[in-house]
Amino acid sequence: MKNNFRVEFEDGETKTANVKIKPPKDIVQFVAGTTDPVNIQGLKHQANKDYWRGTDNLWNSVKNLKPQYLDLHIEDTFFSWSGDNNTDARTKAAERLLDLLLRVYSNWTKKEIHLHLIGHSHGGNVINQFTELISSHSDFPTYWKVKSITYLSTPFFKEQHQLNHAKLHEDCKIINVHNEYDITQRFVADYTLKNLEYLIDNLQDTDKIKKAVENLRALDMSAYEHLTDININNHTEGPAIWRTTNLLLIEIETILKVVVQNIDFIGKKEIVSPEKTEFLAIMNELLQIVSRSKTTFLNNRQNREGGYGRSEFFEDLELIDLLRLVNRVIEIRTNEDDSYLLNFLHNVLAEEENGLLLKIDDTSWTPEKQVKGKFTIEDFNITKKDLYHSRNRKSNFERFATGIENAMKRNDERTLKEILMRLVSQFVNPADVERIISGIGWLEYIIFGQLDAQAKEVRRNLTVYNTLITAYHADLITEEDANNEALEVKPGSIPYLAMTSHSLSHTSLFDDADLNVRKALTDCFSSGKNPGYKPK
């Protein structure tokens with residue numbers, strides 16, 4: 001690039017001179033988001049280059065821009081951080097980012113450099129923390145400026161990781177891509193967790209729960225139809241019921257063992273809350289009954305002394321004691337406030353000395369409050385690009401999402417318990433619970449005394465829970481998707497909304513003609529287009 005300048009010499013004479021001026025160099029830097037939401041793996045470099053790789057994503061499209069510009073450099077290989085969901089990890093990531101840029105581009109510290117930072121999810125908050133770091137860091141080069149920031153599904157905090165404007169170019173552009181179905185951005189990211197790697201080493205066998213549940217679903221329960229018979233055949237029907245129950249108890253025992261084992265490791269061993277101690281005692285007693293009953297049904301699966309019948313079935317199952325413990329766990333009187341289970345989970349998460357929550361900070365989908373009107377924001381709403389949008393469940397989803405957001409804004413003693421209940425209610429069909437309640441109602445006709453009293457209490461507890469489930473269940477998944485076995489993750493399910501909808505922003509939507517995210521970024525490049533570039 002050549003420009004004509006009028007130069008005045010000491011003798012007063014002025015002359016026109018052609019001076020060659022090099023435009024700034026453009027550096028694009030990718031910053032991965034959280035890969036370890038509950039901080040369980042303790043890896044130092046989990047959020048690395050693999051986060052972006054693929055044939056149908058934003059990274060691939062940005063890489064294709066390099067030959068189209070005169071001096072465009074893309075750093076997408078060396079930067080990594082732990083990916084843990086906590087403030088300290090994101091702050092350390094910002095420090096790593098500065099260190100890496102200074103090392104990779106050490107020969108350019110005296111040159112004019114325009115940085116273009118692209119961050120997905122909490123990667124955007126790492127970028128914000130980076131702007132805070134460079135605002136006063138003596139090693140950050142004088143001629144380097146941040147020319148653009150592209151936020152992809154970033155949850156913007158009110159308190160943590162604020163955008164510092166000091167080293168932003170005066171023409172810096174803020175590009176914001178968001179999806180209204182993204183519950184991670186809308187409220188899941190509000191919860192910053194403590195680092196749990198000290199206990200996760202002991203967290204094991206969780207895959208056994210998945211396998212046990214699969215076995216339970218595959219179990220043939222037809223033998224139980226004969227429990228309604230007045231007389232149960234001692235040679236065929238009775239042994240079939242006992243064999244089925246033995247198999248069922250084997251899987252339940254497996255689940256309980258893993259649950260007890262892992263709850264025992266939640267938190268530091270030297271600090272054990274009374275709530276956790278009590279819960280473990282209940283679960284261990286429940287496990288003992290299930291283990292004994294499993295052995296009893298195994299031994300009595302044929303030629304049971306005294307024969308087979310309903311009363312014999314309840315006796316071998318130790319049903320009175322079993323229901324007593326179940327009632328202790330599911331005890332609830334009116335709502336979330338007096339739910340034993342929800343209060344226990346609240347304690348596990350929020351207990352002051354040994355809970356898992358480090359900080360709760362309300363998030364927003366827009367960086368407006370951080371930008372404060374000083375820079376241009378180009379916002380791209382990709383909601384209609386989400387596959388789930390075609391299911392016509394937007395109003396259902398908004399009822400679910402705003403319910404949780406309103407609970408967070410209320411921020412009282414019930415907030416966390418209500419949020420847990422609202423989330424759980426999306427995994428449970430109220431009609432299924434109603435069928436269980438009806439089944440227990442039928443059972444009450446054939447049982448008496450203490451057993452009848454415990455069954456009535458189970459029914460009452462489940463009825464209260466189902467009132468909450470019915471109120472909170474948003475019917476997010478279509479019947480067609482629910483019945484489609486080919487769909488491993490159902491559109492509208494909590495995993496889908498938290499992960500698939502959250503990840504949509506770093507896909508090939510970069511090249512979508514309706515959105516022009518590509519143009520928003522490339523308009524910020526300063527080095528100029530390559531006149532010799534020829535598309536393939």
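Points to keep in mind about this one:
- Which numbered condition LEU168 misses (of (1) crowded, with 22+ Cβ neighbours inside 10 Å; (2) more than 22 Å from the chain's Cα centre (by Cα); (3) at pLDDT below 95): (3)
- Residue pairs meeting the criteria (Cβ under 7 Å; at least 6 apart or on separate chains; first over 15 Å from THR467 (Cβ atoms) and touching a residue at least 40 places away in the same chain (Cβ under 8 Å), in segment 426-441; second surrounded by 11 or more Cβ atoms within 10 Å (Cβ to Cβ) and small (Gly, Ala, Ser)): GLN426/ALA474
- Scan of segment 269-315 for residues that are of a type in the set (Gly, Ala, Ser) and free of Cβ contacts under 8 Å to residues at least 60 places away in the same chain, ordered by number: ALA281, SER291, SER293, GLY306, SER311
- Residue check for SER493: under 30 Å from SER339 (Cβ atoms), among the hydroxyl-bearing types (Ser, Thr, Tyr), surrounded by 14 or more Cβ atoms within 10 Å (Cβ to Cβ) and touching a helix residue (DSSP H, G or I) at 6+ places or on another chain (Cβ under 8 Å): no
- For segment 230-263, the candidate set comprises residues that are among the hydroxyl-bearing types (Ser, Thr, Tyr) and outside any loop (DSSP other than H, G, I, E, B); within that set, the residue that is surrounded by the most Cβ atoms within 10 Å (Cβ to Cβ) is THR245.
- Leading residue by the ranking (surrounded by the most Cβ atoms within 10 Å (Cβ to Cβ)) among those in segment 68-96 that are touching a Gly at 6+ places or on another chain (Cβ under 8 Å) and aliphatic (A, V, I, L, M): ALA89
- For ASP412, the stated conditions hold: it is outside the structural domain of ILE175 (by TED's automatic domain parsing), over 19 Å from LEU462 (Cβ atoms), at pLDDT below 90 and not in a helix (DSSP H, G or I).
- Residues (in a strand (DSSP E or B) and farther than 25 Å from GLU170 by Cα) located in segment 70-117: TRP81, ASP84
- In segment 467-485, the residue that is farthest from PRO430 (Cα to Cα) out of those that are in contact (Cβ under 8 Å) with a residue 60 or more places away in the chain and among the hydroxyl-bearing types (Ser, Thr, Tyr) is THR478.
- All of ASN381, ASN392, ASN406 fail the test of being outside the structural domain of LEU168 (by TED's automatic domain parsing), on the phi > 0 side of the Ramachandran plot and not hydrophobic (A, V, I, L, M, F, W, C), apart from ASN392.
- Top-ranked residue in segment 129-157 [being under 16 Å from THR91 (Cα atoms) and in a loop (DSSP other than H, G, I, E, B); ranked as modelled with the lowest pLDDT]: PRO155
- Residues located in segment 397-446, provided they are closer than 30 Å to GLU225 by Cβ and among the hydrophobic types (A, V, I, L, M, F, W, C): PHE427, VAL428, ALA431, VAL433, ILE436, ILE437, ILE440, TRP442, LEU443, ILE446
- Residue match in segment 364-385 (condition: aliphatic (A, V, I, L, M), more than 30 Å from ASP171 (Cβ to Cβ) and touching a residue at least 24 places away in the same chain (Cβ under 8 Å)): no
- Breaking point among (1) modelled with pLDDT of 90 or more; (2) within 26 Å of GLU180 (Cβ to Cβ); (3) out of contact with any Asp or Glu (no Cβ under 6 Å at 6 or more places or on another chain), for LYS490: (3)
- Among the conditions (1) in contact (Cβ under 8 Å) with a residue 24 or more places away in the chain; (2) touching a Lys or Arg at 6+ places or on another chain (Cβ under 7 Å), the only one that ILE447 does not satisfy is (2).
- Verdict on SER438 being surrounded by 13 or more Cβ atoms within 10 Å (Cβ to Cβ), polar (S, T, N, Q) and out of contact with any Cys (no Cβ under 8 Å at 6 or more places or on another chain): no
The values are calculated or read from the model by the stated rules, or taken from the named source; none is laboratory data. Remember, it's a predicted structure, so these values are computed and weren't measured experimentally. In this analysis, Cβ positions are derived from the backbone assuming ideal geometry, glycine residues included, and neighbour counts consider all displayed protein chains.
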